[in-house]
Structures are given as C-alpha cells and as structure tokens.
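Peer 1: I am attaching a structure below and will ask some questions about it afterwards.
Laboratory data are not the source of any read-out in this text; all were calculated from the coordinates shown. A quick note: this is a predicted structure, and the numbers were derived from the prediction, not measured. Heads up, the Cβs are rebuilt from the backbone with ideal geometry, glycines too, and the neighbour counts pull from every protein chain shown.
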Amino acid sequence: MPPTCQLYDEPVGHSENSEVLCRPERPGEEGAVRAVVADAFVDEPVVVDLVDALRSSPDWIDGLSFVAEKDGRLLAHILFSRALLDAPRRLVEVLVLGPVGVTRRCQRQGIGSALVRYGLEQVRQRPEPLVFLEGWPAYYPRFGFEPGGRHGFRRPSLRIPENGFPVLRLPSYEPWMTGTLVYSHVFWDLDCVGLRDPQ
Ligand SMILES: CC(C)(COP(=O)(O)OP(=O)(O)OC[C@H]1O[C@@H](n2cnc3c(N)ncnc32)[C@H](O)[C@@H]1OP(=O)(O)O)[C@@H](O)C(=O)NCCC(=O)NCCS
C-alpha cells in the first residue's frame, strides 16, 4: 500500500509506510532539510545552495517548505517558492515547485508522491493560480500537472525541454493567465535553470 501522507499528529498507522508524516518544515530544521537535499541530489550539490539561497531571498514564502518524517527522521523535502508569470494583462505571482527530494534509501516507496500530493493540497487555497516546475515528463502528470505549452505558457529558458515544463492550474487560475514564466533571480544566480550542454 502506498504511504498515506497525513497531517502531522494524525497518523493512520495501518501499514509500515503509513507512519510517514508530512508537515511543514519547522523553525530550526534548516540543517536537517539541507541533509535531505544533499542526499537526494548527491550528484548536484548546487541544489543545497539553491534551497539556502531561496531561504534568504524575497521569493521564499513562509510555510511552503514541506517535509516527510518517519520515526523523527526527515526522509523527504519539497519547496514551493515565488515566481512571476509575464501575462498580457499584468505580472502574476505564481509558484515554482522544486526541489523535490527523497533520501536515496527511501526512494521509490511512494514517499515523494505522497509529499507532493500533500504539498499541493496545502497550496490549493493560496492566491497563486499556477504551480510550475522542471521535471521528468513521466512523473508529474499523476499529480494533475499538464504540459505547460498546452495552456499558452512559455519556458523561462529554451534549455528546458518542452516536455519537461509541466504546470498545474489551481482553483484561482483564469484563462487569460498565459505568458512566460519568470524565475526567481536565485535560480539564475546559481545557474539552476534548464539543462547545460555537458560539452
Ligand atoms: C524523483 C523523486 C522525488 C521521486 O520520489 P520517490 O519517492 O522516489 O518516488 P515515488 O515512489 O513517489 O514514485 C515512483 C516513481 O517516480 C519516478 N521515478 C523515481 N525515480 C526515478 C528515476 N531515477 N528516474 C525516472 N523516474 C523515477 C518513476 O515514475 C517511479 O515509478 P516506478 O517506481 O513505478 O518506476 C525521488 O526519487 C528523488 O528524490 N530523486 C532524486 C532527486 C531528483 O532527481 N529530484 C527531481 C525529480 S524531477
């Protein structure tokens, strides 16, 4: 059975995995979150710097860093931060989901999916109408993400593959909200946008 990600203090407890709890990151957990991200992105150490830099940037939104915990240990982390959509009518504040990381020994057990579902439930009632991300085309449709180009959204860089630019429309979305995603400057400062030619 896949883990159910419960609100903290409301575990179900009917399978081993159901003890995984999803909740907002708490004050003082910065180091533990850093360790989760470092482990999940062992080949991309810049992702740890990305989380740190977002944390101290104006694009950090308190309460939108979420963790999965089991037996008092953090196993996974996801982060939503602020970005802009350059829509014809005006700039629109939107969310970017990323990074999404599960510690290596806990991957492929449904924990990442449970935490993403939990996080999306938390942002559903927020004013931002859209969640963008960069990610594997096969992973994100299960959460309701669709190809960004389908609804008139443009990638912030041509180095993001067209099929690696999913978007989720939230309840406050309106059809006039099209245009180009403008990332937080933090993603540019750390060169964390799209794929670089290894040559
Ligand atoms: C990607 C990640 C967040 C998924 O979380 P998870 O808890 O491992 O995944 P779940 O058990 O919820 O879902 C499993 C599905 O994830 C996808 N997936 C997981 N790891 C994958 C990988 N290395 N390559 C491709 N797909 C992968 C597959 O669709 C998989 O389904 P399958 O097991 O039936 O093939 C996690 O594996 C991770 O942290 N990876 C390293 C960091 C990373 O690359 N993050 C960015 C992803 S865009």
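Peer 1: Quick one: the Cα spread of the stretch 66-106 along its three principal axes, in angstroms, biggest first?
Peer 2: Taking the Cα atoms of the stretch 66-106, the three principal extents are 48, 17, 7 Å.
Peer 1: What do you get for the angle between helix 46-55 and the principal long axis of the chain? Use alpha-carbon atoms, 0 to 90 degrees, nearest ten.
Peer 2: Between the helix axis and the principal axis of the chain, the angle is about 80 degrees.
Peer 1: Return S157, S65 ranked ascending by Cβ neighbour count within 10 Å, so the fewest neighbours appear first.
Peer 2: S157, S65
Peer 1: Let me know the whole percent of all Cα-Cα pairs from the stretch 34-80 that are separated by more than 14 Å. Don't skip to the end; give the middle numbers.
Peer 2: Values: 559 of 1081 pairs.
Tail of the P(r) past 14 Å holds 52 percent of the pairs.
Peer 1: If I stretch the segment between W176 and E93 completely, what's the gain in nm (0.36 nm per residue apart, minus their alpha carbon distance), one decimal?
Peer 2: On the way: separation 83, 0.36 × 83 = 29.88 nm, distance 1.39 nm.
Value of the extension gain: 28.5 nm.
Peer 1: In Å, the Kirkwood hydrodynamic radius of the chain over pairs of distinct alpha carbons? Write down the numbers at each step before the final one.
Peer 2: Numbers: mean 1/r = 0.0581 Å⁻¹.
Result for the chain, one decimal place: 17.2 Å.
Peer 1: Considering just Cα atoms, how many Å³ per residue does the convex hull of the stretch 38-122 enclose? Let's see the in-between values first.
Peer 2: Values: hull volume 10.2 nm³, N = 85.
Taking the convex hull of the Cα positions in the stretch 38-122, it is 121 Å³ per residue.
Peer 1: In deg cm²/dmol and to the nearest 500, what is the mean residue ellipticity at 222 nm of the chain if only DSSP H runs of at least 4 residues count, each as -39500 (n - 2.57), divided by the residue total?
Peer 2: Numbers: 4 runs with 39 residues, N = 199.
-5500 deg cm²/dmol, from helical runs alone.
Peer 1: Within 10 Å of each candidate Cβ there may be at most 12 other Cβ atoms; applying that plus a DSSP loop requirement, which trypsin sites (Lys or Arg not before Pro) in the stretch 36-91 survive? Show your work: numbers first, answer last.
Peer 2: Values: sites: R55, K70, R73, R82, R89, R90; in loops: R89, R90.
Filter output for the stretch 36-91: R89, R90.
Peer 1: Output the 0 to 90 degree angle, nearest 10, between the alpha-carbon long axis of helix 111-123 and the longest principal axis computed from the alpha carbons of the chain.
Peer 2: 60 degrees
Peer 1: Viscosity 1.002 mPa s, temperature 20 °C: Stokes-Einstein D of the stretch 106-160 from its Kirkwood Cα radius, in µm² per second?
Peer 2: Numbers: Rh = 12.9 Å.
Taking Rh from Cα pairs, D becomes 166 µm²/s.
Peer 1: Where the centroid of each part is defined by its Cα atoms, how far is the stretch 135-183 from the stretch 31-71 in Å?
Peer 2: The distance from the Cα centre of the stretch 135-183 to that of the stretch 31-71 comes to 22 Å.
Peer 1: Compute the signed sum of charges (Lys and Arg +1, Asp and Glu -1) over the other residues within less than 9 Å, Cβ to Cβ, of L74.
Peer 2: Values: positive: K70, R73; negative: E25, E29, E69.
So the surrounding residues net to -1.
Peer 1: Remind me, relative contact order of the chain in percent, using alpha carbon pairs under 8 angstrom and six or more residues apart?
Peer 2: On the way: 366 pairs, mean separation 40.1, N = 199.
Contact order relative to length: 20 percent.
Peer 1: Next question. So how far apart, in nm, are the two label points at D43 and R108 if each is 7 Å from Cα heading toward Cβ?
Peer 2: About 1.4 nm, to one decimal.
Peer 1: First measure r as the distance between the Cβ atoms of E121 and R73, then evaluate 1/(1 + (r/R0)^6) with R0 = 22 Å and state the FRET efficiency to the nearest 0.05. Please list the in-between numbers first.
Peer 2: On the way: r = 23 Å, r/R0 = 1.04.
With R0 = 22 Å, the Cβ-Cβ based efficiency is 0.45.
Peer 1: Mind checking the angle between helix 30-40 and the chain's longest principal axis? C-alpha axes, 0 to 90 degrees, to the nearest 10.
Peer 2: Taking Cα atoms only, the helix is inclined about 80 degrees.
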